[in-house]
Amino acid sequence: LSLVLLPLQSAEGDARPMVRVAVLNHTTYADQDANGEWQGLDVECMINVAQRAGFQVEFVDSLLDPDFLGGLDRGSYDIVADVVRTPEREQQYLFTDESIGYTNSTLAVRSDDERWDYGNSEQVANMRIGVITSYANNQAFRYWCEAHGVSPKIIEYSDVYQMTSALLAGNIDGEVYTAVYEQERDDRLRTIMRFLPQSF
């Protein structure tokens with residue numbers, strides 16, 4: 001990593017280079033507490049890599065960044081964690097040799113909206129569903145709909161919080177997201193489907 005990146009030097013005068021790592025805050029992978037301390041799987045993994053490779057790590061919250069790969073292109077980050085590997089992305093970015101894990105997409109509705117049953121793929125045809133524009137599961141969900149012969153109204157949002165606000169306001173019936181722990185524990189939402197397993 002140290003040979004590939006052009007990192008910053010620490011403001012404290014530490015000779016070790018500083019590498020900026022974009023992580024999805026408030027997820028099972030990374031979470032920043034009220035004191036600004038980071039924890040989670042991505043954090044522990046990157047600290048371990050940094051200790052072995054001899055650099056420092058600065059974690060940056062990319063959950064609200066609608067163009068997180070564009071941020072990587074512009075140098076806002078040196079590394080972006082938890083990116084789903086697609087053939088298109090492999091043409092432009094260097095991924096780890098091995099997948100770090102697998103995740104599913106989740107289709108969630110408001111917990112007080114009883115129109116929708118768990119696991120019923122046919123009902124998707126009658127739904128207005130939010131997706132995140134820059135996420136790989138946006139296109140994957142569209143392919144899934146085509147393969148299952150359903151044509152929901154799909155509405156794109158730039159980030160998770162805009163999409164969830166639209167769901168809670170009744171502007172959409174459901175939302176498709178991946179790896180957002182905060183969504184999973186929100187008692188205002190109810191999961192009705194898990195699908196589209198993808199490696200990252």
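The values are calculated or read from the model by the stated rules, or taken from the named source; none is laboratory data. Keep in mind it's a predicted model, so treat the numbers as computed, not measured. Methodologically, a virtual Cβ is constructed for each residue, glycine included, from the backbone with ideal geometry; neighbour enumeration extends over all protein chains shown. Ligands, DNA and RNA are stripped out before the accessible areas are found, and what is left, the full protein with its side chains, is counted by its heavy atoms. Shrake-Rupley method; radii C 1.70, N 1.55, O 1.52, S 1.80 Å.
Worth pointing out:
- Percent accessible area from carbon and sulfur atoms, the range 46-116, protein chains only, probe 1.4 Å: 46 percent
- Applying the criteria of a DSSP loop state and at most 15 other Cβ atoms within 10 Å to the GluC sites (Glu not before Pro) of the range 90-126 yields 98, 114.
- Range of Cα positions in the range 118-200 per principal axis (Å), largest first: 30, 29, 23
- Degrees separating the helix 41-53 axis from the principal Cα axis of the chain, which is the longest one: 20 degrees
- Semi-axis lengths, largest first, of the ellipsoid equivalent to the range 1-160 are 36, 18, 13 Å, with √(5λ) applied to each eigenvalue of the Cα gyration tensor.
- FRET efficiency, residue 73 to residue 100 (Cβ-Cβ, R0 22 Å, nearest 0.05): 0.55
- Segment residue 86-residue 154, extension gain: residue separation times 0.36 nm, minus the distance between their alpha carbons: 22.4 nm
- Probe 1.4 Å - accessible area at residue 128, Å² to nearest ten: 80 Å²
- With respect to the chain, whose longest principal axis is taken over its alpha-carbon atoms, helix 136-147 is tilted by about 30°.
- When both bridge partners sit in the chain, DSSP labels roughly 50% of those beta bridges antiparallel.
- Cα→Cβ-extended label distance, 7 Å offset, between residue 161 and residue 143, nm: 3.2 nm
- With an a/c value of 1.5 or above and a/b larger than b/c for the gyration tensor axes a ≥ b ≥ c computed over the alpha-carbon atoms, the range 53-116 is described as prolate.
- Of the peptides 29-40, 163-174, the ranking by mean beta-carbon count within 10 Å, highest at the top, reads 163-174, 29-40.
- Average accessible surface for the chain: 54 Å² per residue, computed with a 1.4 Å probe over protein heavy atoms with every protein chain in place.
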